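Data first, discussion second: the structure below is written as C-alpha cells.
None of the figures in this text is laboratory data; all of them are computed from the coordinates on show. Since the structure is predicted, the reported quantities are computational estimates derived from the model, not experimental observations. Positions of Cβ are generated from backbone atoms using ideal geometry, with glycine treated the same way; all protein chains shown enter the neighbour counts.
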Amino acid sequence: MTKFSETIFERNVIEFVTVATEYCAFLEKAEGMPRTAFVDTLLKLLPLLYLKAAMLPEVEQLEDEAPETYVTEDIYEVLRISLADVLAETDDYLDVFLADMQYSDTPIKQNISEGLADIYQDLKDFTFVFRLGLNETMNDALYLCKENFGALWGQKLVNTMRALHEIKYANRTYTDDV
C-alpha cells in the first residue's frame, strides 16, 4: 500500500469523514426543524467537527487538477435559504474577526446560515469525492479540505458557533438553586 493510501485510511481521517458526513446529513434535513433542536445539535456537532479537522494528518497534493465538486450554486442556495428559515430573526450576527473589519467604522453583519452553508459546501464536496473510492482523488480531496479548513471554513465554524452560543444562552435566566 502506498503512503497516501495509508494516510487516507488513518483513523483520524475516517473519523473526520464520519463527522463531516453527519454534519452534511443534519443540514440537509434541517428544513422545518425547531430552532432549539437545530441550535442544540449544531453546538454539539460543530466542536466535534473542528476537533476532527484539527487532527487530520499532513497530506501532499498528488494531482495538479482539483477534485470534482458536488455542490452547485443552486444546491448551496437552497440549503442556505432552508437554514435561514430555521434561524429566522436570529440568523444575523456581528462579526469582528473579518479582515475587512480593520477598515470599517461599524461591525460587519454576517449570517449563520451562510457560514453553515459555506462549511457544508467544502465538506459535501469532500465526502462526495471520498465516496467515489479513488485513492489519488481521495488524497487530493483530503488535502484541499484540510487547506480550506485552515484558510476558510475553520474560522467560519468558530464564528458561527459563537453566534449559535449567543442564541442558546443569551436570554436564559440563571438561578442560584444549587
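What residues have an amide H closer than 5 Å to that of V59, excluding those fewer than 5 places away on the same chain, when H is modeled at 1.01 Å from N in the peptide plane?
Result for V59 returns nothing.
Using the per-residue mean of other Cβ atoms lying within 10 Å as a proxy for protection, in what order, highest first, do the peptides 142-153, 47-58 fall?
Going from most to least packed, we get 142-153, 47-58.
How large is Rg over Rh for segment 1-82, taking Rg from the Cα atoms and Rh as the Kirkwood inverse mean of 1/r across Cα pairs?
1.05
Quick one: which of K29/K124; K29/K156; K124/K156; K44/K168; K52/K124 span more than 18 angstrom between C-alpha atoms?
Beyond 18 Å: K29/K156.
Using the Karplus curve 6.51 cos²θ - 1.76 cosθ + 1.60 with θ = phi - 60°, work out ³J(HN,Hα) for each residue of segment 138-149 in order, rounded to whole Hz, and write x for Gly and Pro.
4, 4, 5, 5, 5, 4, 5, 5, 5, 4, 5, 4
If eta is 0.890 mPa s and T is 25 °C, what Stokes-Einstein diffusion coefficient results for the chain, Kirkwood Rh from Cα pairs, in µm²/s? Mind dumping the intermediate values first?
Details: Rh = 17.4 Å.
Taking Rh from Cα pairs, D becomes 141 µm²/s.
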